[in-house]
Amino acid sequence: MENDFRSDSMHFSNELTLLLSMMRMDKGESMLWKDQDLANEIDWEAFLQLARHHRVFSLLYTNLRQTDSAWIPAYVMNALKKDYQENTFNMLRLSAEMEQICKLFSESDIRTIVLKGPVLADDLYGNVSLRTSRDLDILIPIQHVDQAHELLRSQGYVKEEEYNTILDDWKWRHHHATFIHPDKRVTLEIHWRLGPGPGKEPGFDELWERKRISKITSHPVYYLGREDLFLFLASHGARHGWSRLRWLADIDRITRQPIDYAKLHTLLTKNRQLHLGAQAVILAAQLLHTPLTAEMESMTTGKRARRLAADALFYIRQMINLHTAPVPEHVSKYHKKHLFSLMSAQQKILFVMSFFYPYPEDADTLTLPKRLHFLYFPLRPVLWAWRKTNSISQRGT
């Protein structure tokens, strides 16, 4: 499988190969493409597109300005510098807002754990300017979700979308709600789970026991313990097909930190995510040359993890964007299959069973008083068949 993986990665474009080489520069590796003839083979506009798509322009600029980059067109370096500077200002702005929101919640006795953003940049890269963040992600106990929503509204935040829900299915079908501050231009995601259900993951209280405190704010801001952070980063990257190399750079950085492998292995196994951790490690080792300890290396021997790693090259090779609609049909079909392949056996069973749990569409099809909502369970197959029949008949007319 290792040879198959290397063979697939050899089909990368010149621009992607160069980008990966630049990402490895701060690890003491030599730069490829220094020869002018080879540099002439690069489509520099496509290269900039890649750097921005993968959200690694700040890392590239920092690496390049520390070496001889005369062979790179001046306009490319200037573009990277501009992106780097804009990101620095954005991260400082997010840092201030993150601290303010955490303080606001703390004053209302809502515990918060910041999942990504500036604290992650500081912890993994030692500098908030070296990692990009589009928004803030904050995990809170599920029982405080409504209270948090009201607090955010009082601060001028607007909820992006109201979930249509029935029988509290939002608690496990979804894992966060998105808020936008129109004046501050800040996007904030309030999480009550690390990822969407159904699936097993550490509970908030468990994560809170292992939390760490950030050094970049005056008011206490907490974030995940190192092993919990690895689990979160690995599952998040896998769920998005590793379609942005920024997520893989995070794995490279955290793997180089002192991780308690015994704790990590137990944590991943307990939550049935060992194959996801292995996929992340394999990709980081192969693409970013992340050095692995013997214990980490032992994670990569399974055939399933290697197959999952090879499957992820589909996203990386094509510069696929899963966050902007419409997603091409062939990508959507592939992604659905890939998401199912990531699930543990138990999660696959729960996923199939979840189709028998009532959906909001069932209530739209047949309105029942709330006290009778339990009837949607036996009625669901009938209501689904009714909608399907109507849909087919309407397409035929």
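The values are calculated or read from the model by the stated rules, or taken from the named source; none is laboratory data. The shown structure was predicted, so the numbers you read here are calculated from the model rather than taken from an experiment. Don't worry about glycine lacking a Cβ; one is built from the backbone with ideal geometry, like all the others, and counts go over all protein chains shown.
Details
- Residue in segment 324-347 that is β-branched (Val, Ile, Thr), at pLDDT below 95, assigned to a loop (DSSP other than H, G, I, E, B) and crowded, with 16+ Cβ neighbours inside 10 Å present: no
- Pairs, first free of Cβ contacts under 8 Å to residues at least 60 places away in the same chain and assigned by TED's automatic domain parsing to the domain that holds Arg226 in segment 121-137, second part of a loop (DSSP other than H, G, I, E, B) and not hydroxyl-bearing (Ser, Thr, Tyr), C-beta under 6 Å, six or more apart: Ala121/Arg131; Asp137/Leu115; Asp137/Lys116
- Residues located in segment 192-223, provided they are over 25 Å from Tyr125 (Cβ atoms) and either in a strand (DSSP E or B) or touching a Phe, Trp or Tyr at 6+ places or on another chain (Cβ under 7 Å) (or both): Gly197, Pro198
- Filter result (out of contact with any Phe, Trp or Tyr (no Cβ under 7 Å at 6 or more places or on another chain) and either small (Gly, Ala, Ser) or not in a helix (DSSP H, G or I) (or both)) within segment 294-321: Ala294, Ser298, Thr300, Thr301, Gly302, Ala305, Met319, Ile320, Asn321
- Flag if Glu162 is assigned to a loop (DSSP other than H, G, I, E, B) and either of a type in the set (Gly, Ala, Ser) or more than 19 Å from Gln100 (Cβ to Cβ) (or both): yes
- The sole residue among Leu322, Leu288, Leu248 that is touching a residue at least 40 places away in the same chain (Cβ under 8 Å) and closer than 14 Å to Phe230 by Cα is Leu248.
- Residue count, segment 106-131 (criterion: in a helix (DSSP H, G or I) and either among the basic types (Lys, Arg) or touching a strand residue (DSSP E or B) at 6+ places or on another chain (Cβ under 9 Å) (or both)): 5
- Members of segment 105-133 that are farther than 14 Å from Ala249 by Cβ and either surrounded by fewer than 17 Cβ atoms within 10 Å (Cβ to Cβ) or charged (D, E, K, R) (or both): Ser106, Glu107, Ser108, Asp109, Arg111, Asp122
- Options Glu97, Glu189; residue that is in the same structural domain as Met343 (by TED's automatic domain parsing), touching a residue at least 60 places away in the same chain (Cβ under 8 Å) and either in contact with a Leu (Cβ under 7 Å, 6 or more places away or on another chain) or outside any loop (DSSP other than H, G, I, E, B) (or both): Glu97
- Scanning segment 301-323 for residues that are modelled with pLDDT of 90 or more and among the hydroxyl-bearing types (Ser, Thr, Tyr) yields a single hit, Tyr315.
- Any hit, segment 56-69, residues being in contact with a Lys or Arg (Cβ under 7 Å, 6 or more places away or on another chain), among the β-branched types (Val, Ile, Thr) and buried (at least 18 other Cβ atoms within 10 Å of the Cβ): yes
- Residues satisfying the stated conditions in segment 143-153, i.e. loosely packed, with under 15 Cβ neighbours inside 10 Å and either within 30 Å of Glu86 (Cβ to Cβ) or in contact (Cβ under 8 Å) with a residue 60 or more places away in the chain (or both): Arg153
- Residues in segment 190-215 that are more than 22 Å from His144 (Cα to Cα) and either surrounded by 16 or more Cβ atoms within 10 Å (Cβ to Cβ) or modelled with pLDDT of 95 or more (or both): Ser214 alone.
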